[in-house]
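Worksheet for the structure shown next.
Where a number appears in this text, it was derived from the coordinates with a stated rule and is not lab data. Since the model is a prediction, treat every value here as computed from it, not as a measurement. With ideal geometry, Cβ positions are generated from the backbone for all residues, glycine too; neighbour counts draw on all protein chains shown.
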Amino acid sequence: MSYSGKAVIFSAPSGSGKTTIVRHLLKVIPGLEFSISACTRDKRGRTEQDGKDYYFLSVDEFKQKIDNGEFIEWEEVYPGNYYGTLKSEIARIWQAGKAVIFDVDVKGGVNLKNYFKEKALAVFVKVPSLEVLAERLRARGTEDEESLSERLYKAQFELQFEDRFDATIVNDDLQKALQEAEKLVREFLNK
Ligand code: ADP
Ligand code: 5GP
C-alpha cells in the first residue's frame with residue numbers, strides 16, 4: 001500500500017514527549033518515514049548523527065538554502081539556531097511510497113499543517129502541567145538552566161496553539177499516549 005502524499009505532524013513544547021512518541025510510531029508502523037530537518041545547532045555529543053537526526057548545517061549554508069527556495073518552512077527556533085524542512089526530504093519519502101512524519105515545534109507544526117492541509121494529520125502533544133514539563137526537561141539532562149528557562153517560557157506561548165491541530169494527546173502515562181498516537185495515525189493512513 002502506498003502512503004505517498006500523506007503527512008503526519010507531531011508538535012509540542014520541547015520536553016513534552018513528541019520525539020519519544022514519533023520514535024515509537026516509526027518502529028511499529030512501517031509506512032512512515034521520518035522527515036529529517038536541517039538545523040544549525042551543535043550536534044548533541046554521541047547521541048546524534050548528521051543525516052539521521054538532522055542535517056547539521058552552518059548558518060551560511062542554511063541561509064543559502066533559504067535564498068534558493070529549498071525549504072517548505074524554516075524558523076529561527078532559538079536565537080541563532082535555525083531549523084527547517086527541506087522540500088527534497090518530502091520528495092524522497094513520497095517517492096518511496098511512504099507517509100512523511102514530522103517532529104517539529106508548535107509554530108513549525110502550524111506552518112506545516114497550513115501547507116499540507118487535509119493531506120496532513122496534525123497532533124498536538126502536551127503534558128499535564130508546566131511543572132511536569134520542567135521536571136521532564138531536567139530529567140532529560142540535555143539543557144543548561146538558561147536553555148531550560150527559554151524552553152519553559154516558550155512553552156507557555158506555544159500552548160495557545162492547540163486548537164490549530166486535528167487532535168491532542170496528553171502525555172501523562174506514556175504507554176497510554178503511545179497507544180493513542182498509534183490509533184490516530186493508523187486510522188489516518190488507512191482512510
Ligand atoms: P520532546 O521531543 O517533545 O522535546 P522528548 O521525547 O525528548 O520530548 O521527552 C522529554 C523527556 O521526557 C525525555 O527524557 C523522555 O524520555 C521523557 N518522557 C517522555 N514521555 C514521558 C512520560 N509520559 N512520563 C515520563 N517521562 C517521559
Ligand atoms: P532540538 O534542538 O531540541 O532538537 O529542537 C528544538 C526545536 O526545534 C524542537 O521543538 C524541534 O521540534 C524544532 N524543530 C526541529 N526541526 C524543525 C523544523 O524543521 N522546523 C521547525 N520549525 N522546527 C523544527
- Item | Hz values of 3J(HN,Hα) by residue in region 91-100 - Karplus curve (6.51, -1.76, 1.60), Gly and Pro given as x | 4, 4, 6, 5, 4, 7, x, 10, 8, 8
- Message: Can you tell me how region 98-191 classifies by the Cα gyration tensor, rounded, prolate or oblate, using a/c under 1.5 as the rounded cut?
- Response: prolate
- Message: Rounded to the nearest 20 debye, what is the charge dipole size of region 38-162 about its Cα centre when +1 sits on each Lys and Arg Cβ and -1 on each Asp and Glu Cβ?
- Response: 560
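Counting Lys and Arg as +1 and Asp and Glu as -1, each charge on the Cβ, what is the dipole of region 1-85 about the Cα centre in debye, to the nearest 20? Before the final figure, lay out the partial values.
Details: 11 positive and 12 negative charges, 105 e Å.
Its charge dipole is roughly 500 debye.
Test of understanding: what is the full-extension gain from Gln160 to Asn190, defined as 0.36 nm times their sequence separation minus their Cα-Cα distance? Intermediate results must be reported in sequence, preceding the final value.
Values: separation 30, 0.36 × 30 = 10.80 nm, distance 3.02 nm.
Answer, rounded to one decimal: 7.8 nm.
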- Under-5 Å amide H pairs with Glu73, H placed in peptide plane, nonlocal only: Thr85
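Once you have a ≥ b ≥ c as the square roots of the Cα gyration tensor eigenvalues for region 38-138, tell me rounded if a/c is under 1.5, and otherwise prolate or oblate according to whether a/b is larger than b/c. Working shown, then result.
Working: a/c = 1.63, a/b = 1.15, b/c = 1.41.
The shape class here is oblate.
Mind sorting Thr47, Thr19, Thr85 by how few other Cβ atoms lie within 10 Å of their own Cβ, fewest first? Working shown, then result.
Values: Thr47 8, Thr19 16, Thr85 24.
Ordered from fewest to most neighbouring Cβ atoms within 10 Å, Thr47, Thr19, Thr85 come out as Thr47, Thr19, Thr85.
Sort the chain into rounded, prolate or oblate with this rule: let a ≥ b ≥ c be the square roots of the eigenvalues of the Cα gyration tensor; rounded if a/c is under 1.5, and if a/c is not under 1.5, prolate when a/b is larger than b/c, oblate otherwise. List each step's numbers first, then the result.
On the way: a/c = 1.55, a/b = 1.05, b/c = 1.48.
In terms of gyration-tensor shape, oblate.
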